[in-house]
Amino acid sequence: MSDCIFCKIIAGEIPASKVYEDDQVLAFLDISQVTPGHTLLVPKEHYRNLLEMDPNSASCLFAQAPVVAKKIMVATKASGMNIISNCEEVAGQTVFHTHVHLVPRYSADDDLKLDFIAHEPDFDKLAQVAETIKNA
Ligand code: 5GP
Ligand code: ZN
């Protein structure tokens, strides 16, 4: 897509610090570096986000996630990693070309906070929601 910043990176029209590339995917350092080594893995084909992808294109993308993630782990000597893909504005997506954030973690005090608020389990409600998703 002509006005997509990640398509421009893929086309070599704007620079990026690349860490992995093959026919289908590219991985490069996120310009914001939430933690050192923060990398974005993207498909070379333009999709708005994961919700727009079919199983085959998503498989090609995710097949390389552990490959790139392990390279980052070795290089940074991080203790763990968050692997996240934001879909749509409400979920924090700001660049509308599918990307998977690979965020190496060094300590629980890193700048990334993913605090899921735990609720008391309501098993009837869980069964109901699971049924709705299964049947969608
Ligand atoms: P999102 O908020 O959509 O999940 O993530 C988009 C990410 O793209 C942000 O973390 C942002 O720092 C990164 N980003 C935006 N523009 C550029 C750019 O031109 N180059 C690189 N390397 N990263 C970018
Ligand atoms: Zn694009």
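Quick notes
- Scanning the range 1-24 for residues that are under 20 Å from ALA91 (Cβ atoms) and near ligand 1 (Cβ under 8 Å from one of its atoms), we see that the one that is farthest from the chain's Cα centre (by Cα) is ILE5.
- Residue in the range 25-33 that is among the acidic types (Asp, Glu), within 16 Å of ligand 2 (Cβ to nearest atom) and under 14 Å from the mean Cα position of the chain (by Cα) present: yes
- The single condition from (1) over 18 Å from CYS7 (Cβ atoms); (2) free of Cβ contacts under 8 Å to residues at least 24 places away in the same chain; (3) of a type outside the set (Asp, Glu) that THR76 fails is (2).
Just so you know, all these numbers are worked out from the coordinates, no wet-lab data involved. A quick note: this is a predicted structure, and the numbers were derived from the prediction, not measured. Note that we place each Cβ from the backbone using ideal geometry, even for glycine, and neighbour counts take in every protein chain shown.
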